[in-house]
Every structure is written in C-alpha cells, then in structure tokens.
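The values are calculated or read from the model by the stated rules, or taken from the named source; none is laboratory data. Please read all numbers here as calculations on a predicted model, not as lab measurements. Positions of Cβ are generated from backbone atoms using ideal geometry, with glycine treated the same way; all protein chains shown enter the neighbour counts. To get the accessible areas, we keep the full protein, side chains included, count just its heavy atoms, and leave off ligands, DNA and RNA. Shrake-Rupley method; radii C 1.70, N 1.55, O 1.52, S 1.80 Å.
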Amino acid sequence: MRYAIFGDIHANLEALTTVIEDSQAQRCNSYVCLGDVVGYNANPGECLEQVRAMDCPTVKGNHDDEASQESSLDDLNPLAESALLWTRKQLSEDQKQWLRDLKLVRQVRDFTIVHATLDSPASWAYVSNRFDAMASFSYQFTQLCFYGHTHTPRIYEKSDTVQCLRETEVNLRRGVKYFINIGSVGQPRDGDWRASYAIYDSDNQSVKIQRLEYDLRTTQQKIRDAGLPTILAERLALGR
Ligand code: ZN
C-alpha cells in the first residue's frame, strides 16, 4: 500500500487539490486524514465535501471540534476565533454532524493516527520537542503513528532514547517506533509556504514528507473576498 497522509487542510482548497493530484501522480492508493479540515481559510464546505467523498479514515482536529459546536470559543487566538465564527456560518448542519462524528484517535491497519497528542488527545496540546514526543510514545502501541496540529513536519524516533531526525524521509527500522508530524496542507508554519503531506509506503517501510507549490494567489484572494482577516492571507505566503 502507498498511503497519502494529509491534514491541517484548513479550508485551503487550492492546496488540497494540489496534494491530491500529486498523491495520484505518486501512485498512492490509500488516503488518511489527520483532521482540521476547516478553519482559517475560505473553502471549509468544499474541503469537507472533498475529504468526505474520499471516504478515508479521518480523525478530528480542534478546529473541526470548534466549528461543529455552538458553544463559545474560549482558548483560541483571536484570528482562529474570527475565522471559526465565519466557518460556522458556512457549514450546513449535516456537515457539522460529519465533523462531530469524527474520532480523536484511530488505528489504520498497522499504524495509529491522531491530530494532536496520544497522551491526551482531547486537550489539544502541542508536540513541539522530544519531551512532548516522549509523552505520546508512552501511549503508542503501534510502531508508527502520524499526527499534525503544529503545522510543522517532524520525524521523532524512539529506540533507547527519543530523538528528532533532521531528514524529511525515513526508512523504518525494526524495533524502533516513529511519531511523525506530516505538516500542514493548508497553512504551513515552518517558514516554508508550500503544502505538506506524507507518503507512507508500507511495502518498502518508508515515509517521506512531500512539499508542493500551489496556487497561493487564488487562496489569498478568496480570503480577502470572504471578509476574513487579511493577515490570514499574508501569513500563508510566509509559512507562519
Ligand atoms: Zn491546525
């Protein structure tokens, strides 16, 4: 199997379309989504319908959670909050129900998927260093787990110790566990504006992070036309 593993799409349809086209060119035959389909950018309904039509294993992200509820938005930064209030108005009740029904953690064949962390998936903490990764490894019962949420691709490896690899590609070794952040399709934050996703080849036992240029200008124009905060358009070009 060749899995295309993607997440943190954040309603960026141009980036999502580019990732799907590339994954087909890369001969991927299975899809897995790590959540945050909506929030920030201007095509939440379109992105949700695209992912729903793919009918692939999907876990819930914090923006999926907030966008599908009616409760007040507490712990969010002001940008995320104004985008989420806008997003709630764009989604149908049926689309919100699809988001509500998503699980926090799933096992897909021989690997695990989660949006934020394995040690406390519902609290939406961030794995930003190897100590955070260690906490998730304690709850990781498969060799391989994919996650997102920080919008920064990272490969953590656990053998005797936990370390963060410098590479964006890894050949999986027996007896070693991997906790891999696939980066973000629709709002990368590692200083590289290009869309990010991962290809997991289960026959070759390899994982590779892919980066792709997409039609950024169209995405930015849609954000401005929608009346969303313009800084959301500007940050896309910076990868922040
Ligand atoms: Zn996100």
So, with +1 on the Cβ of K and R and -1 on the Cβ of D and E, and no other charges, what is the size of the charge dipole of the chain about its Cα centre, to the nearest 20 debye? 520
Sum up the charges of everything whose Cβ sits under 14 Å from the Cβ of residue 216, counting Lys and Arg as +1 and Asp and Glu as -1, but leave residue 216 out. +2
Within the chain, what percent of beta bridges assigned by DSSP are antiparallel, to the nearest 5? 70
Gaussian network model of the chain, Cα springs within a sub-10 Å range: biggest mean-square fluctuation belongs to which of 71, 92, 184? 71
What percentages, rounded to whole numbers, describe P(r) for the chain computed over all alpha carbon pairs with 5 Å bin width beginning at zero? 1, 7, 16, 20, 20, 17, 11, 6, 2, 0, 0
Among 43, 12, 204, which one shows the highest mean-square fluctuation when the chain is modelled as a Gaussian network with alpha-carbon springs under 10 Å? 204
Over the chain, with neighbouring protein chains present, the accessible area per residue in Å² at probe 1.4 Å is 44
For the range 1-124, what Kirkwood radius comes out of the mean inverse Cα-Cα distance, in Å? 14.7
Short version: ³J(HN,Hα) in whole Hz for each residue of the range 181-191, in order, from phi by Karplus 6.51 cos²θ - 1.76 cosθ + 1.60 (θ = phi - 60°), x for Gly and Pro, what are they? 8, 8, x, 10, 5, x, 7, x, 10, 9, x
Using 0.36 nm per residue of separation minus the Cα-Cα distance, give me the extension gain between residue 163 and residue 120 in nm, one decimal. 13.4 nm
Sorted by accessible surface (1.4 Å probe, heavy atoms of the protein chains only), largest first, 81, 234 come out as 234, 81
The simple spin-label model distance between residue 110 and residue 203, using points 7 Å out along Cα→Cβ, in nm, is 1.5
Percentage relative contact order, the range 1-103, counting C-alpha pairs under 8 Å, at least six apart: 28
Provide the net charge surrounding residue 70, with neighbours chosen by a C-beta distance below 13 Å and charges set as Lys +1, Arg +1, Asp -1, Glu -1. +1
Could you work out which residue, out of 27, 211, 106, moves most in a Gaussian network model of the chain, that is, has the largest mean-square fluctuation with Cα springs under 10 Å? 27
Check the straight Cα-Cα distances from residue 103 and name the lysines below 29 Å, setting aside those fewer than 8 residues away within the same chain. 60, 89, 158, 177, 208
For the chain, what does the relative contact order come out to in percent, with C-alpha contacts under 8 Å and a separation of six or more? 23
Base-10 log of normalised Debye intensity for the range 1-51 (one unit scatterer per alpha-carbon) at q = 0.19, 0.27 Å⁻¹: -0.56, -1.00
At 0.36 nm per residue, minus the direct Cα-Cα distance, what do residue 103 and residue 224 gain on full extension? Give it in nm, one decimal, please. 40.3 nm
Would you mind telling me the share, in percent, of accessible area of the chain contributed by carbon and sulfur at probe 1.4 angstrom? 45
Summed over the other residues with a beta carbon less than 10 angstrom from that of residue 28, with K and R at +1 and D and E at -1, the charge totals 0
